[in-house]
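Read the structure below first, then the notes.
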Ligand SMILES: NC(=O)c1ccc[n+]([C@@H]2O[C@H](COP(=O)([O-])OP(=O)(O)OC[C@H]3O[C@@H](n4cnc5c(N)ncnc54)[C@H](OP(=O)(O)O)[C@@H]3O)[C@@H](O)[C@H]2O)c1
(Lines give C-alpha, C1' and ligand atoms only; values in the text may rest on other atoms or scores of the structure.)
Protein backbone atom coordinates (compact mmCIF):
# COMPACT_ATOMS: atom_id res chain seq x y z
CA UNK A 1 0.00 0.00 0.00
CA UNK A 2 2.79 2.35 -0.89
CA UNK A 3 0.78 4.44 -3.39
CA UNK A 4 -0.74 7.53 -1.81
CA UNK A 5 -4.09 9.23 -2.27
CA UNK A 6 -4.85 12.77 -3.40
CA UNK A 7 -6.63 15.00 -0.93
CA UNK A 8 -9.34 16.89 -2.88
CA UNK A 9 -11.06 18.47 0.11
CA UNK A 10 -10.16 20.53 1.99
CA UNK A 11 -7.96 22.34 -0.54
CA UNK A 12 -5.13 22.78 -1.36
CA UNK A 13 -4.85 19.36 -2.97
CA UNK A 14 -1.94 17.26 -1.78
CA UNK A 15 -0.78 13.65 -1.99
CA UNK A 16 -0.94 11.76 1.30
CA UNK A 17 -0.07 8.21 2.32
CA UNK A 18 -3.02 5.86 2.61
CA UNK A 19 -1.81 4.42 5.92
CA UNK A 20 -2.71 6.81 8.69
CA UNK A 21 -5.28 8.73 6.62
CA UNK A 22 -8.21 8.13 8.98
CA UNK A 23 -6.13 7.50 12.10
CA UNK A 24 -4.77 11.04 11.71
CA UNK A 25 -8.33 12.39 11.92
CA UNK A 26 -7.97 11.48 15.61
CA UNK A 27 -11.62 10.79 16.38
CA UNK A 28 -10.83 10.42 20.07
CA UNK A 29 -9.96 14.09 20.35
CA UNK A 30 -13.65 15.12 20.22
CA UNK A 31 -14.64 16.63 23.50
CA UNK A 32 -18.39 16.14 23.08
CA UNK A 33 -20.14 13.54 25.21
CA UNK A 34 -20.31 11.04 22.34
CA UNK A 35 -18.98 10.86 18.78
CA UNK A 36 -20.88 8.38 16.59
CA UNK A 37 -19.61 7.39 13.14
CA UNK A 38 -20.27 4.76 10.52
CA UNK A 39 -18.84 3.68 7.20
CA UNK A 40 -19.74 1.88 4.00
CA UNK A 41 -18.09 0.84 0.77
CA UNK A 42 -20.59 1.29 -2.05
CA UNK A 43 -20.76 0.90 -5.81
CA UNK A 44 -21.63 3.99 -7.86
CA UNK A 45 -25.20 2.67 -8.11
CA UNK A 46 -25.48 2.53 -4.35
CA UNK A 47 -25.08 -1.20 -3.68
CA UNK A 48 -23.51 -2.04 -0.32
CA UNK A 49 -24.69 -5.66 -0.29
CA UNK A 50 -25.92 -8.21 -2.82
CA UNK A 51 -27.33 -11.72 -2.34
CA UNK A 52 -24.87 -14.35 -1.13
CA UNK A 53 -24.29 -16.81 -4.00
CA UNK A 54 -25.08 -19.96 -2.01
CA UNK A 55 -26.48 -18.99 1.40
CA UNK A 56 -29.51 -16.99 2.49
CA UNK A 57 -28.96 -13.28 3.11
CA UNK A 58 -26.62 -10.67 1.72
CA UNK A 59 -22.92 -9.97 1.61
CA UNK A 60 -20.58 -7.12 0.69
CA UNK A 61 -20.07 -7.40 -3.11
CA UNK A 62 -16.63 -8.83 -3.98
CA UNK A 63 -16.59 -6.23 -6.81
CA UNK A 64 -16.37 -3.38 -4.27
CA UNK A 65 -14.57 -4.96 -1.28
CA UNK A 66 -10.86 -4.16 -1.42
CA UNK A 67 -7.77 -4.07 0.77
CA UNK A 68 -7.25 -0.30 0.66
CA UNK A 69 -10.78 0.36 1.90
CA UNK A 70 -10.28 -2.44 4.49
CA UNK A 71 -7.18 -0.64 5.80
CA UNK A 72 -9.25 2.51 6.38
CA UNK A 73 -12.07 0.45 7.95
CA UNK A 74 -9.49 -0.89 10.45
CA UNK A 75 -8.26 2.65 11.15
CA UNK A 76 -11.83 3.69 11.99
CA UNK A 77 -12.57 0.61 14.09
CA UNK A 78 -9.35 0.80 16.12
CA UNK A 79 -10.31 4.26 17.45
CA UNK A 80 -13.60 3.13 19.00
CA UNK A 81 -14.62 2.46 22.59
CA UNK A 82 -17.46 0.31 21.32
CA UNK A 83 -18.46 -1.10 17.93
CA UNK A 84 -22.11 -1.42 16.98
CA UNK A 85 -22.99 -4.64 15.23
CA UNK A 86 -26.22 -6.57 14.76
CA UNK A 87 -28.03 -9.84 15.36
CA UNK A 88 -27.36 -10.54 11.67
CA UNK A 89 -23.58 -10.30 12.23
CA UNK A 90 -23.69 -12.84 15.08
CA UNK A 91 -25.83 -15.22 13.02
CA UNK A 92 -23.31 -14.91 10.17
CA UNK A 93 -20.46 -15.39 12.66
CA UNK A 94 -22.09 -18.57 13.95
CA UNK A 95 -22.32 -20.06 10.46
CA UNK A 96 -18.73 -19.15 9.62
CA UNK A 97 -19.46 -16.29 7.20
CA UNK A 98 -18.38 -13.35 9.35
CA UNK A 99 -15.03 -12.62 10.90
CA UNK A 100 -13.74 -10.64 13.85
CA UNK A 101 -14.23 -6.92 13.08
CA UNK A 102 -10.84 -5.60 14.21
CA UNK A 103 -7.79 -7.37 12.76
CA UNK A 104 -4.96 -5.41 14.28
CA UNK A 105 -3.41 -8.33 16.19
CA UNK A 106 -3.62 -11.16 13.66
CA UNK A 107 -2.75 -9.29 10.43
CA UNK A 108 0.85 -8.02 10.23
CA UNK A 109 -0.28 -5.27 7.81
CA UNK A 110 -2.27 -3.71 10.65
CA UNK A 111 0.19 -4.32 13.51
CA UNK A 112 0.86 -0.55 13.75
CA UNK A 113 -2.81 -0.06 14.58
CA UNK A 114 -2.67 -2.60 17.43
CA UNK A 115 0.36 -0.75 18.81
CA UNK A 116 -1.47 2.56 18.49
CA UNK A 117 -4.39 1.19 20.51
CA UNK A 118 -2.03 -0.03 23.23
CA UNK A 119 -0.24 3.33 23.34
CA UNK A 120 -3.59 5.01 23.95
CA UNK A 121 -4.09 2.75 26.98
CA UNK A 122 -7.26 1.29 25.46
CA UNK A 123 -8.53 -2.27 25.96
CA UNK A 124 -7.21 -4.61 23.23
CA UNK A 125 -10.59 -4.78 21.48
CA UNK A 126 -13.45 -2.27 21.57
CA UNK A 127 -16.52 -3.66 23.36
CA UNK A 128 -19.38 -4.87 21.15
CA UNK A 129 -22.93 -3.50 21.05
CA UNK A 130 -25.32 -5.89 19.35
CA UNK A 131 -28.58 -4.38 18.05
CA UNK A 132 -31.31 -7.00 17.84
CA UNK A 133 -35.06 -7.26 18.12
CA UNK A 134 -35.10 -11.05 17.82
CA UNK A 135 -32.26 -12.03 20.21
CA UNK A 136 -31.98 -14.96 17.87
CA UNK A 137 -28.22 -15.59 17.80
CA UNK A 138 -25.52 -17.31 19.86
CA UNK A 139 -22.65 -15.35 21.40
CA UNK A 140 -19.39 -17.08 20.55
CA UNK A 141 -16.99 -17.32 23.52
CA UNK A 142 -14.19 -15.80 21.47
CA UNK A 143 -16.06 -12.49 21.40
CA UNK A 144 -16.11 -12.21 25.19
CA UNK A 145 -12.45 -13.25 25.64
CA UNK A 146 -9.90 -10.94 27.34
CA UNK A 147 -12.57 -9.04 29.23
CA UNK A 148 -14.36 -7.71 26.16
CA UNK A 149 -17.96 -6.82 26.99
CA UNK A 150 -20.84 -7.66 24.69
CA UNK A 151 -23.92 -5.54 25.37
CA UNK A 152 -27.17 -6.32 23.60
CA UNK A 153 -29.53 -3.44 22.85
CA UNK A 154 -33.07 -4.59 22.20
CA UNK A 155 -36.74 -3.64 22.52
CA UNK A 156 -39.32 -3.87 25.30
CA UNK A 157 -41.06 -6.64 23.30
CA UNK A 158 -38.39 -9.30 23.88
CA UNK A 159 -39.01 -12.61 25.59
CA UNK A 160 -37.95 -12.30 29.25
CA UNK A 161 -36.70 -15.86 29.44
CA UNK A 162 -34.46 -15.29 26.42
CA UNK A 163 -33.12 -12.13 28.08
CA UNK A 164 -32.20 -14.12 31.23
CA UNK A 165 -30.45 -16.74 29.09
CA UNK A 166 -28.47 -14.09 27.24
CA UNK A 167 -27.53 -12.26 30.43
CA UNK A 168 -26.22 -15.48 31.93
CA UNK A 169 -24.13 -16.12 28.84
CA UNK A 170 -23.04 -12.69 27.70
CA UNK A 171 -23.48 -10.05 30.31
CA UNK A 172 -25.86 -7.28 29.66
CA UNK A 173 -29.16 -6.82 27.80
CA UNK A 174 -30.43 -3.24 27.62
CA UNK A 175 -33.88 -2.14 26.44
CA UNK A 176 -33.56 0.86 24.10
CA UNK A 177 -36.98 1.24 22.50
CA UNK A 178 -40.54 -0.07 22.55
CA UNK A 179 -41.09 -1.78 19.18
CA UNK A 180 -37.73 -1.01 17.63
CA UNK A 181 -34.33 0.08 18.97
CA UNK A 182 -34.31 3.87 19.11
CA UNK A 183 -31.08 5.67 18.20
CA UNK A 184 -31.37 8.39 20.80
CA UNK A 185 -32.05 5.94 23.64
CA UNK A 186 -29.25 3.69 22.38
CA UNK A 187 -26.59 6.40 22.40
CA UNK A 188 -27.81 7.95 25.65
CA UNK A 189 -27.51 4.60 27.40
CA UNK A 190 -24.10 3.96 25.84
CA UNK A 191 -22.93 7.32 27.22
CA UNK A 192 -24.27 6.36 30.66
CA UNK A 193 -22.24 3.16 30.44
CA UNK A 194 -19.13 5.28 29.78
CA UNK A 195 -18.78 4.84 26.00
CA UNK A 196 -17.80 7.97 24.08
CA UNK A 197 -16.36 6.99 20.70
CA UNK A 198 -18.96 4.81 19.03
CA UNK A 199 -18.47 3.14 15.64
CA UNK A 200 -21.31 1.52 13.73
CA UNK A 201 -19.92 -1.22 11.48
CA UNK A 202 -23.36 -2.50 10.61
CA UNK A 203 -25.87 -1.98 7.86
CA UNK A 204 -28.74 0.09 6.50
CA UNK A 205 -31.38 -0.41 9.20
CA UNK A 206 -28.98 0.55 11.93
CA UNK A 207 -27.82 3.61 9.95
CA UNK A 208 -31.50 4.57 9.66
CA UNK A 209 -32.07 4.36 13.41
CA UNK A 210 -28.93 6.45 14.05
CA UNK A 211 -30.04 9.11 11.54
CA UNK A 212 -33.67 9.12 12.66
CA UNK A 213 -32.50 9.51 16.27
CA UNK A 214 -30.29 12.45 15.26
CA UNK A 215 -27.25 10.77 16.85
CA UNK A 216 -24.92 10.13 13.91
CA UNK A 217 -22.01 12.59 13.75
CA UNK A 218 -20.03 11.42 10.73
CA UNK A 219 -20.47 9.07 7.77
CA UNK A 220 -17.48 7.64 5.89
CA UNK A 221 -18.29 6.49 2.36
CA UNK A 222 -15.95 4.70 -0.02
CA UNK A 223 -17.26 5.04 -3.58
CA UNK A 224 -15.83 2.26 -5.71
CA UNK A 225 -15.69 3.25 -9.39
CA UNK A 226 -18.04 0.44 -10.48
CA UNK A 227 -21.70 -0.01 -11.35
CA UNK A 228 -23.18 -3.36 -10.38
CA UNK A 229 -26.91 -3.36 -11.14
CA UNK A 230 -28.92 -6.35 -9.97
CA UNK A 231 -31.70 -6.99 -7.48
CA UNK A 232 -32.24 -7.36 -4.61
CA UNK A 233 -29.58 -5.22 -3.01
CA UNK A 234 -28.99 -3.19 0.13
CA UNK A 235 -28.14 0.50 0.09
CA UNK A 236 -26.61 2.53 2.91
CA UNK A 237 -29.96 3.32 4.55
CA UNK A 238 -33.22 1.42 4.82
CA UNK A 239 -36.39 2.58 6.55
CA UNK A 240 -39.12 5.22 6.40
CA UNK A 241 -38.57 8.58 4.70
CA UNK A 242 -36.37 10.72 6.92
CA UNK A 243 -38.31 13.90 7.64
CA UNK A 244 -36.68 16.31 7.50
CA UNK A 245 -33.95 14.93 5.22
CA UNK A 246 -30.59 14.67 6.97
CA UNK A 247 -28.22 17.37 5.73
CA UNK A 248 -24.55 16.47 5.49
CA UNK A 249 -21.48 18.63 4.88
CA UNK A 250 -18.33 17.35 3.24
CA UNK A 251 -15.57 16.81 5.80
CA UNK A 252 -12.81 15.24 3.67
CA UNK A 253 -12.50 13.78 0.16
CA UNK A 254 -9.59 11.73 -1.20
CA UNK A 255 -9.06 10.20 -4.64
CA UNK A 256 -7.45 6.78 -4.49
CA UNK A 257 -6.21 6.16 -8.05
CA UNK A 258 -4.52 2.89 -7.00
CA UNK A 259 -7.69 1.42 -5.52
CA UNK A 260 -9.41 -1.61 -7.09
CA UNK A 261 -6.25 -2.53 -9.02
CA UNK A 262 -5.92 0.89 -10.61
CA UNK A 263 -9.61 1.46 -11.39
CA UNK A 264 -9.86 4.01 -8.59
CA UNK A 265 -12.20 4.99 -5.77
CA UNK A 266 -13.14 8.00 -3.68
CA UNK A 267 -12.90 8.15 0.09
CA UNK A 268 -15.47 10.69 1.27
CA UNK A 269 -16.46 11.67 4.80
CA UNK A 270 -19.48 13.80 5.72
CA UNK A 271 -20.44 15.48 8.96
CA UNK A 272 -24.12 15.47 9.85
CA UNK A 273 -25.53 18.98 9.94
N1 LIG B 1 -20.64 -2.46 2.04
C2 LIG B 1 -20.55 -2.13 3.31
O3 LIG B 1 -19.74 -1.27 3.67
C4 LIG B 1 -21.44 -2.76 4.33
C5 LIG B 1 -21.47 -2.25 5.63
C6 LIG B 1 -22.32 -2.86 6.56
C7 LIG B 1 -23.09 -3.93 6.19
N8 LIG B 1 -23.02 -4.41 4.91
C9 LIG B 1 -23.84 -5.54 4.47
O10 LIG B 1 -25.18 -5.13 4.46
C11 LIG B 1 -26.01 -6.24 4.76
C12 LIG B 1 -26.98 -5.83 5.84
O13 LIG B 1 -26.24 -5.48 7.01
P14 LIG B 1 -26.76 -5.75 8.50
O15 LIG B 1 -27.66 -6.92 8.46
O16 LIG B 1 -25.61 -5.75 9.43
O17 LIG B 1 -27.51 -4.42 8.80
P18 LIG B 1 -28.92 -3.89 9.25
O19 LIG B 1 -29.88 -4.14 8.15
O20 LIG B 1 -28.69 -2.50 9.65
O21 LIG B 1 -29.25 -4.70 10.57
C22 LIG B 1 -29.73 -5.98 10.60
C23 LIG B 1 -30.09 -6.46 11.98
O24 LIG B 1 -29.97 -5.50 13.02
C25 LIG B 1 -31.08 -5.59 13.91
N26 LIG B 1 -31.79 -4.30 13.83
C27 LIG B 1 -31.64 -3.33 12.90
N28 LIG B 1 -32.42 -2.27 13.19
C29 LIG B 1 -33.08 -2.59 14.33
C30 LIG B 1 -34.03 -1.91 15.15
N31 LIG B 1 -34.47 -0.65 14.86
N32 LIG B 1 -34.52 -2.53 16.25
C33 LIG B 1 -34.07 -3.77 16.58
N34 LIG B 1 -33.17 -4.46 15.86
C35 LIG B 1 -32.69 -3.88 14.75
C36 LIG B 1 -31.92 -6.75 13.44
O37 LIG B 1 -31.47 -7.89 14.17
P38 LIG B 1 -32.45 -9.12 14.52
O39 LIG B 1 -32.81 -9.72 13.21
O40 LIG B 1 -31.60 -10.01 15.38
O41 LIG B 1 -33.64 -8.55 15.24
C42 LIG B 1 -31.54 -6.87 11.97
O43 LIG B 1 -31.62 -8.18 11.46
C44 LIG B 1 -25.07 -7.37 5.15
O45 LIG B 1 -24.94 -8.24 4.06
C46 LIG B 1 -23.75 -6.71 5.43
O47 LIG B 1 -22.65 -7.54 5.10
C48 LIG B 1 -22.23 -3.83 3.97
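If you filter segment 21-47 down to residues that are at pLDDT below 95 and closer than 22 Å to residue 253 by Cβ, you find that the one that is surrounded by the fewest Cβ atoms within 10 Å (Cβ to Cβ) is 29.
For segment 193-204, state whether one or more residues are part of a helix (DSSP H, G or I), within 13 Å of the ligand (Cβ to nearest atom) and within 23 Å of residue 69 (Cα to Cα). Yes; the residues of segment 193-204 include at least one that is part of a helix (DSSP H, G or I), within 13 Å of the ligand (Cβ to nearest atom) and within 23 Å of residue 69 (Cα to Cα). Pairing residues of segment 93-112 that are without any contact (Cβ under 8 Å) to a residue 24 or more places away in the chain with residues that are assigned to a loop (DSSP other than H, G, I, E, B), at Cβ distances under 8 Å and at least 6 apart in sequence or on separate chains, gives 105/124; 106/100; 111/104; 111/105.
For segment 64-84, a residue qualifies if it is within 16 Å of residue 48 (Cα to Cα) and touching a strand residue (DSSP E or B) at 6+ places or on another chain (Cβ under 8 Å), and the qualifying residues are 64, 65, 66, 69, 73. Filtered by the rule that a residue be more than 12 Å from the ligand (Cβ to nearest atom) and touching a strand residue (DSSP E or B) at 6+ places or on another chain (Cβ under 7 Å), segment 140-173 gives 143, 144, 148, 149, 150, 151, 163, 167, 170, 171, 172, 173.
The C-beta contact set for segment 80-92 (first residue closer than 14 Å to residue 150 by Cβ, second residue at pLDDT below 90 and near the ligand (Cβ under 7 Å from one of its atoms), distance under 6 angstrom, 6+ apart or interchain) comprises 87/137; 90/137. The residues of segment 77-121 that are farther than 20 Å from residue 18 by Cα and part of a helix (DSSP H, G or I), listed by number, are 87, 88, 89, 90, 91, 92, 93, 94, 118, 119.
Applying the selection to segment 48-64, what residues are at pLDDT 95 or above, more than 28 Å from residue 195 (Cβ to Cβ) and part of a loop (DSSP other than H, G, I, E, B)? Once the filter is applied, which keeps residues that are at pLDDT 95 or above, more than 28 Å from residue 195 (Cβ to Cβ) and part of a loop (DSSP other than H, G, I, E, B), segment 48-64 yields 61, 62, 63, 64. Within segment 36-53, is even one residue touching a residue at least 40 places away in the same chain (Cβ under 8 Å), more than 16 Å from the ligand (Cβ to nearest atom) and at positive phi? Among the residues of segment 36-53, not one is touching a residue at least 40 places away in the same chain (Cβ under 8 Å), more than 16 Å from the ligand (Cβ to nearest atom) and at positive phi, which makes the answer no.
The listed residues are 211, 186, and the only one of them that is within 11 Å of the ligand (Cβ to nearest atom) and in a helix (DSSP H, G or I) turns out to be 186.
Farther than 25 Å from residue 27 by Cα and either at pLDDT 95 or above or surrounded by 15 or more Cβ atoms within 10 Å (Cβ to Cβ) (or both): which single residue out of 218, 188, 231 fits that description? Checking each option against the conditions leaves just 231. Residue count for segment 5-24 satisfying the condition of being part of a loop (DSSP other than H, G, I, E, B), closer than 21 Å to residue 74 by Cα and touching a residue at least 40 places away in the same chain (Cβ under 8 Å): 5. In the set (1) over 15 Å from residue 271 (Cα atoms); (2) within 14 Å of the chain's Cα centre (by Cα); (3) in contact (Cβ under 8 Å) with a residue 40 or more places away in the chain, residue 181 fails one condition alone, (2).
Taken as a whole, the structure leaves residue 108 outside the set of residues that are surrounded by fewer than 20 Cβ atoms within 10 Å (Cβ to Cβ), more than 30 Å from residue 244 (Cα to Cα) and in contact with a helix residue (DSSP H, G or I) (Cβ under 7 Å, 6 or more places away or on another chain). So is residue 86 within 12 Å of the ligand (Cβ to nearest atom) and surrounded by fewer than 20 Cβ atoms within 10 Å (Cβ to Cβ) or not? So residue 86 does not fit the description; no. The residue that is nearest to the ligand (Cβ to nearest atom), counting only those in segment 54-79 that are without any contact (Cβ under 8 Å) to a residue 40 or more places away in the chain and either buried (at least 21 other Cβ atoms within 10 Å of the Cβ) or farther than 18 Å from residue 236 by Cα (or both), is 56. Scanning segment 25-47 for residues that are closer than 14 Å to residue 222 by Cβ and assigned to a loop (DSSP other than H, G, I, E, B) yields 44, 46, 47.
The values are calculated or read from the model by the stated rules, or taken from the named source; none is laboratory data. Just so it is clear, the model here is predicted, and its values are computed rather than measured. A quick note on method: Cβ atoms are made from the backbone with ideal geometry, for glycine too, and the neighbour counts reach across all protein chains shown.
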